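Peer 1: Structure in structure tokens, see below.
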Amino acid sequence: MYLTIVFGPLLGALIAGLFGRKIGESAAMSVTTAFLILSAVLSWVALIAIGFGHTATDIELMRWFDVGDLNAGWALKIDTLTAVMMVVITSVSSLVHVYSWGYMNEDDSKARFFAYLSLFTFAMLMLVTADNFIQLFFGWEGVGLASYLLIGFWYKKPSANAAAIKAFVTNRVGDVGLALGVMTIFLVFGSVKFDTVFSQVADKQDLVLPFLGMNFGAIELIAALLFIGAMGKSAQFFLHVWLPDAMEGPTPVSALIHAATMVTAGVFLVCRAYPIFEAAPITSGFITLIGALTAFFAATVGLVQNDIKRVIAYSTCSQLGYMFFAAGLGLYNAAMFHLFTHAFFKALLFLGAGSVIHALHHEQDMRKMGGTYKLIPLTYIFMIIGTLALTGVGIPGTKIGFAGFFSKDVIIEGAYAAANGGIYSPAMIAFTAGLLAALMTSFYSWRLIFLTFHGKYRGKSDVLNNAHESPPVMLIPLIMLGLGAIFAGLYFYKYFVGDYAAAFWAHSLPVDNAYSGTGLPPGMAESASHGADVSQSAEASYAEAGGDHNEDDGGHHEFPAWVIWSPFIAMLTGFIIAWFMYMFKDGAAKRTAASMRGEGGVLYKFLLNKWYFDELYDLIFVRPVRKLGDVFWKIGDQRIIDGLGPNGFAALASGAAKRVSKFQSGYLYHYALVMLVGLAAIIALVFSATGS
């Protein structure tokens with residue numbers, strides 16, 4: 001079963017990629033889609049067997065690296081963490097494959113596209129099933145390759161090629177950190193196998209290593225290097241610049257990258273290697289701050305973007321920030337819970353946006369949309385569902401809410417509990433940033449809905465006249481994802497962070513810092529996997545802080561009322577502001593016209609230009625590298641290499657050869673003269689040598 005899950009997509013990719021022209025596009029699409037659907041079904045079976053059955057298994061495939069002390073076999077590590085990731089990857093990918101039948105219908109390279117999609121899925125499956133860091137690195141780089149191929153799929157577009165290169169290069173920066181981290185792991189532990197490394201972390205706690213002329217704790221250094229890799233792959237602050245430009249690829253690619261593959265790899269890495277990060281408090285604090293900053297930064301930029309896909313892309317970046325600051329605080333299963341629910345509603349939003357773009361003949365500028373909800377009512381409904389899930393709509397203290405309500409609120413409340421009253425602690429910074437990001441997320445999400453579907457149409461009339469609802473093959477995936485966006489949080493809450501979390505994650509993650517059904521906040525709950533004891537004094541001290549004990553309140557335990565209600569208030573505030581600006585008294589038309597005239601002031605332009613990161617990186621990195629390249633080219637290559645080579649000695653020899661060749665005239669007396677001169681020269685040389 002597990003071999004079929006992992007290698008089925010690879011087989012489909014090989015068939016479509018190598019034999020697509022021979023078997024035809026329809027056959028190539030059918031093969032790849034069939035393998036993905038099979039993998040998805042079996043992944044759900046695996047989750048039931050592993051997660052709900054509380055078991056784990058390792059499957060040895062073959063001998064791989066065996067050089068000296070370096071031994072890294074090719075094996076599959078199947079536990080709850082792996083099973084959850086397999087479900088996310090294959091479920092979204094299979095629906096993206098089905099959706100692409102309609103979206104890519106007019107493209108001439110469908111076989112190649114479906115081959116790339118399946119290759120992408122296989123690489124991600126290799127990453128999440130790895131049982132050692134070498135195999136993980138193999139999947140990590142495979143994901144990078146596949147993303148490059150898919151982002152630049154329309155290679156005749158210069159912007160698509162530039163975006164693909166930007167994504168590839170930016171990820172290489174992060175991958176240097178990951179590679180150095182894997183090397184350091186082997187140096188410290190003498191192994192790259194997960195179980196071996198994690199079991200020895202405590203023994204290496206006091207080890208110090210020199211790095212860049214300074215001494216660092218070995219575990220802190222390893223954790224920091226691994227996180228650099230995670231920053232690049234999951235588009236965290238500083239290494240986020242590739243993610244919005246990845247929208248140049250076809251919309252199904254965006255859904256796959258943002259919901260199930262690529263960007264989730266960094267979160268998975270931190271959760272998989274949690275024993276290392278738990279033993280590295282400084283790095284964990286840094287992860288918390290970077291995650292909080294990313295959540296806030298991406299939300300601010302999303303406020304003013306006009307491309308429908310870019311708005312959703314920045315929401316992905318922001319939601320990843322939530323996952324990372326949760327992981328930095330030790331809320332690993334809460335981070336995975338949000339990753340799980342996010343996959344459904346983010347894929348829904350991207351595919352819904354693709355349906356809008358498909359209906360409006362590839363128009364992506366929201367300023368040229370409006371008044372379309374009557375023409376594409378089903379797409380409108382699914383986009384509303386995705387927005388309700390993304391913004392976390394739900395009633396606090398109850399079990400009524402969309403998927404994002406359950407997973408996002410757990411993270412925000414967990415950050416408050418982890419702060420433990422420390423106003424300037426990373427946890428409190430994350431809590432504050434999470435609330436602000438929630439408010440802004442609600443605003444720009446509803447702004448997207450109002451600009452796209454409501455008000456007066458602001459584009460070309462012929463486009464609106466030809467607008468139509470997407471075909472069933474594109475709507476069926478939206479229905480499936482819509483169900484996940486509605487029910488995934490409610491149903492899986494108790495397994496990921498609720499009463500059954502300790503048993504569910506027993507072989508994968510600790511749940512000391514997550515809800516485990518004891519009625520206590522994060523950090524105080526009893527963990528079946530670690531056997532932590534809950535002290536009565538801890539419970540009493542937290543109760544004194546204002547918490548109310550309620551075992552059946554939808555999962556909100558021991559928190560002050562204002563903490564429980566603050567995400568809801570932030571969400572509602574964002575909605576009201578968006579409605580007032582874009583709906584009240586036809587605000588959409590006025591606000592859109594103003595933005596198109598470039599009005600909005602310095603702050604508006606600052607956010608519209610994404611905090612000027614692209615310009616800053618161009619000034620600091622791109623231009624100096626280009627100038628250095630010019631030096632090597634004009635001086636090193638042209639003047640030195642070409643000057644001494646083709647234009648130097650080689651040119652001199654060529655010139656001499658041309659002059660000497662003139663003696664080859666074909667006249668006998670010319671050859672006789674040359675022979676006579678040569679003979680005279682030899683005689684003169686002999687006489688001068690003998691002194692005669």
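All of the numbers you see were taken from the coordinates with simple rules; none came from a lab. What you see is a predicted model; the values in this text were computed from it and never measured. Here the Cβ is made from the backbone with ideal geometry for all residues, glycine too, and neighbour counts use every protein chain on show.
Peer 1: Can you sort PHE443, PHE216 by how many other beta carbons sit within 10 Å, fewest first?
Peer 2: Ranked by crowding around the Cβ, least crowded first: PHE216, PHE443.
Peer 1: Along the Cα→Cβ direction, 7 angstrom out, place labels at ASP107 and GLN638. What is the inter-label distance in nm?
Peer 2: The answer from the label model is 4.1 nm.
Peer 1: Can I ask one more? Under the definition of Cα pairs under 8 Å and six or more residues apart, what whole-number percent is the relative contact order of the chain?
Peer 2: 11
Peer 1: Compute the separation of the alpha-carbon centres of the stretch 383-446 and the stretch 571-589 and state it in Å as a whole number.
Peer 2: First find each Cα centre; the distance between them is then 21 Å.
Peer 1: Let me ask another. With everything on Cα atoms, drop me the angle between helix 561-582 and the longest principal axis of the chain, reported from 0 to 90° to the nearest 10.
Peer 2: 70
Peer 1: Say R0 is 56 Å: what FRET efficiency, to the nearest 0.05, do LEU616 and PHE687 get from their beta-carbon distance?
Peer 2: 0.10
Peer 1: Cα-Cα over 32 Å: which of LYS156/LYS374; LYS110/LYS634; LYS156/LYS610; LYS110/LYS309; LYS346/LYS494?
Peer 2: LYS156/LYS374; LYS110/LYS634
Peer 1: Using only Cα atoms, tell me the angle between helix 377-390 and the longest principal axis of the chain; keep it within 0 to 90° and round to the nearest 10.
Peer 2: So the inclination is approximately 80 degrees.
Peer 1: Straight-line reach from LYS193: which lysines have a Cα under 26 Å away, not including same-chain ones fewer than 8 places off?
Peer 2: LYS77, LYS204, LYS233
Peer 1: Related question: How high is the FRET efficiency between ASP203 and ASP58 when r is their beta carbon distance and R₀ equals 30 Å, given to the nearest 0.05? Intermediate results must be reported in sequence, preceding the final value.
Peer 2: Details: r = 23 Å, r/R0 = 0.76.
Calculated value: 0.85.
Peer 1: To the nearest 0.05, what FRET efficiency results for ALA162 and ASN420 with a Förster distance of 41 Å applied to their C-beta separation?
Peer 2: About 0.30, to the nearest 0.05.
Peer 1: Follow-up question, since we're still on this one. In which sequence would PHE632, PHE559, PHE575, PHE114 go, from the one with the fewest C-beta neighbours within 10 Å to the one with the most? Don't skip to the answer; put the middle values down first.
Peer 2: Details: PHE632 12, PHE559 25, PHE575 20, PHE114 29.
The fewest-first ordering by Cβ neighbours comes to PHE632, PHE575, PHE559, PHE114.
Peer 1: Please turn the phi angles of the stretch 110-127 into ³J(HN,Hα) values with the Karplus equation 6.51 cos²θ - 1.76 cosθ + 1.60 (θ = phi - 60°), one per residue in order, whole Hz, x for glycine and proline.
Peer 2: 5, 4, 5, 4, 5, 5, 5, 4, 5, 5, 4, 5, 4, 4, 5, 5, 4, 5
Peer 1: Still on this structure, please answer the following. Sort SER508, SER470 so that the residue with the fewest other Cβ atoms within 10 Å of its own Cβ comes first and the one with the most comes last.
Peer 2: With the sparsest Cβ surroundings first, the list reads SER470, SER508.
Peer 1: Right, here's the next one. Between the alpha-carbon centers of the stretch 106-133 and the stretch 281-312, tell me the distance in whole angstrom.
Peer 2: Cα centres, the stretch 106-133 to the stretch 281-312: 27 Å.
Peer 1: Please go through the residue pairs LYS157/LYS368; LYS157/LYS627; LYS157/LYS456; LYS456/LYS605 and name each one whose alpha carbons sit more than 29 Å apart in this structure.
Peer 2: The pairs that break the limit, which is 29 Å between Cα atoms, are LYS157/LYS456.
Peer 1: Give me the log10 of I(q) over I(0) for the stretch 614-690 at q = 0.17, 0.21, 0.23 Å⁻¹, as the Debye formula computes it from C-alpha points; what are the numbers?
Peer 2: These q points yield log10 I(q)/I(0) values of -0.85, -0.94, -0.99.
Peer 1: To the nearest 20 Debye, how big is the dipole of the stretch 614-690 about its Cα centre, given +1 on the beta carbon of each Lys and Arg and -1 on that of each Asp and Glu? Numbers along the way, then the final one.
Peer 2: Details: 8 positive and 6 negative charges, 91 e Å.
The calculation lands at about 440 debye.
Peer 1: If you don't mind, there's one more thing I want to ask. For HIS362 and ASP307, compute 0.36 nm times the residue count separating them, minus their Cα-Cα distance, and round to one decimal in nm. Don't jump to the answer; show the numbers that get you there.
Peer 2: Working: separation 55, 0.36 × 55 = 19.80 nm, distance 1.15 nm.
Answer, rounded to one decimal: 18.7 nm.
Peer 1: Could you give the distance between the Cα centres of the stretch 155-207 and the stretch 19-94, to the whole Å?
Peer 2: Using only Cα atoms to place each centre, the spacing works out to 22 Å.
Peer 1: Can you show me the helix-derived [θ] at 222 nm for the chain, built from DSSP H runs with n ≥ 4 at -39,500 (n - 2.57) apiece and divided by the number of residues, rounded to the nearest 500. Walk me through the numbers on the way to the answer.
Peer 2: Details: 29 runs with 449 residues, N = 692.
The helix-only estimate for the chain comes to -21500 deg cm²/dmol at 222 nm.
Peer 1: Here's another thing I want to ask about it. Which angle from 0 to 90°, rounded to the nearest 10, does the C-alpha axis of helix 332-359 make with the longest principal axis of the chain?
Peer 2: 70
Peer 1: Taking amide H atoms as placed 1.01 Å from N in the peptide plane, list the residues 5 or more away in sequence, or in a different chain, whose amide H sits under 5 Å from that of ALA75.
Peer 2: The answer is LEU61, ASP131.
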